[in-house]
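First up is the structure itself, then whatever we jot down about it.
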Amino acid sequence: MLRQEINTLLTPIHGFLHCQTPDSWIDAAIQPDNQSILLRDHANCELKASQTAMWLIRKYAVDAASGEQLLAWAKPYEDFVYRGARDGIFHARKNGLSAPLTPKAGFAHGQALIDKMVRLIKEEFHHFEQVIEIMDARGIPYQPLEAGRYAKGLMRAARTHEPATLVDKLIIGACIEARSCERFAKVAPHLDDELQKFYISLLRSEARHYQDYLTLAETIAGEDIRDRIQTIGEREAELIQAPDSQFRFHSGAPA
């Protein structure tokens, strides 16, 4: 990806986020002892992103039968991560939805949510597969990691009544995707050639995911949401800048 294109992708990301990744996080990320954690948690992040998108579709946008289709799509990946089914994970590569999803009646934005989130899920599953392949090639076994505080800390900022809850969760999704894009770009120059090329290759999709989440939030809210973007963005920056005892892909400044 050309430098000019990277800058074009990152300019709105930097304008959206309230801070950049601390240099101390970069220093920790490039330590050899942390490479396994970085890759393992990156894989986890890709799976969590797909699961979050599926949850949004199932809760708000589709009927029960379509929800079961989504669960079946996720099952090989979840079996790999949660149940230790290490064989056959990539057999899921060409699998997907067995039929079109049926929008739930009564939600005007259901099809828009389905369209954007299904594309995101496909890409996140593919990124998960790519990370696992890189780990396999490097002799790094996949092992579970305790989740960091980042996503839970953001979710605490969500309001608890609808449709405000959905709007806030979409804004949170935009924050997470924007931070991922910013972090890939910032750490990539310090990594080996393979990881550098891989992380740079992810920038387009991560930047689009952030925009898709934000577009959905604005459309579904039907009103000005700049105050919510500000509030949640400030919370995101607090989590990124505050000392953090765990090193994770979205962790804060190393304590």
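Once C-alpha pairs closer than 8 Å and six or more residues apart are averaged by separation and normalised to the residue number of the stretch 131-255, the relative contact order reads 29 percent. Each Cα pair under 8 Å and six or more residues apart adds its sequence gap; the mean of these over the residue count of the chain is a relative contact order of 30 percent. Database remark: amide H of Ala85 closer than 5 angstrom to the amide H of Phe80 (H placed geometrically; neighbours at sequence offset of 5 or more, or on other chains; Pro and chain starts carry no H). Using the Cβ-Cβ distance between Asp192 and Gln246 with R0 = 22 Å, the FRET efficiency computed as 1/(1 + (r/R0)^6) comes to roughly 0.40.
Mean silhouette area of the stretch 79-195, derived from the convex hull of its C-alpha atoms and averaged over all directions, reads 10.0 nm².
Need the full-extension length gain, Arg119 to Ala85, defined as separation in residues times 0.36 nm minus the C-alpha distance. One decimal, nm. Write down the numbers at each step before the final one.
Numbers: separation 34, 0.36 × 34 = 12.24 nm, distance 2.54 nm.
Full-extension gain reported as 9.7 nm.
Accessible surface of the stretch 165-250, 1.4 Å probe: 45 percent of it comes from carbon and sulfur atoms. Averaging 1/r across all pairs of distinct Cα atoms in the chain and inverting the result yields a Kirkwood radius of 18.8 Å.
Given a 1.4 angstrom probe, I'd like the percentage of the accessible area of the stretch 14-80 that is carbon and sulfur, rounded to a whole number. Show your work: numbers first, answer last.
Working: 1370 of 2680 Å².
Summing carbon and sulfur atoms, their accessible area is 51 percent of the total for the stretch 14-80.
Set the Förster radius R0 to 30 Å, insert the Cβ-Cβ distance between Ala72 and Arg156 as r into 1/(1 + (r/R0)^6), and round the FRET efficiency to 0.05. Walk me through the numbers before you get to the answer.
On the way: r = 31 Å, r/R0 = 1.05.
Computed FRET efficiency for Ala72 and Arg156 comes out at 0.45.
Annotation: amide H-H contacts under 5 Å for Val62 (H modelled 1.01 Å from N, sequence separation of 5 or more, or interchain): Lys104. With all projection directions averaged, the alpha carbon convex hull of the stretch 1-113 covers 10.9 nm².
Please work out whether the stretch 188-255 counts as rounded, prolate or oblate from its C-alpha gyration tensor, where a ≥ b ≥ c are the square roots of the eigenvalues and a/c under 1.5 means rounded, while otherwise a/b larger than b/c means prolate and anything else oblate? Can you show the working numbers first?
Details: a/c = 4.10, a/b = 1.36, b/c = 3.00.
Oblate is the answer for the stretch 188-255, as a/c is 1.5 or above yet b/c matches or exceeds a/b.
Each eigenvalue of the Cα gyration tensor of the stretch 138-255, multiplied by 5 and square-rooted, gives one semi-axis; in descending order these are 28, 18, 12 Å. Once the GluC sites (Glu not before Pro) in DSSP loops with at most 12 neighbouring Cβ atoms within 10 Å are cut out of the chain, the longest remaining piece is 1-145. Pairs from the table (Lys169/Lys197; Lys122/Lys186; Lys75/Lys169; Lys122/Lys152; Lys59/Lys116) lying more than 20 angstrom apart at Cα are Lys169/Lys197; Lys122/Lys186; Lys75/Lys169; Lys122/Lys152. Using only the Cα atoms of the stretch 1-67, build the gyration tensor, take square roots of its eigenvalues as a ≥ b ≥ c, and label the shape rounded, prolate or oblate: rounded if a/c is under 1.5, else prolate if a/b is larger than b/c, else oblate. Oblate, because a/c is 1.5 or more while a/b does not exceed b/c. A 1.4 Å probe run over the protein chains yields, for the stretch 7-49, 43 Å² of accessible area per residue, whole-number rounding.
The values are calculated or read from the model by the stated rules, or taken from the named source; none is laboratory data. Values in this document were obtained by computation on a predicted structure and should not be read as measured data. Neighbour counts are summed over all protein chains in view; Cβ atoms, including those assigned to glycine, are modelled from backbone coordinates with ideal geometry. For accessibility, only protein heavy atoms count, side chains too; no ligands or nucleic acids. Shrake-Rupley method; radii C 1.70, N 1.55, O 1.52, S 1.80 Å.
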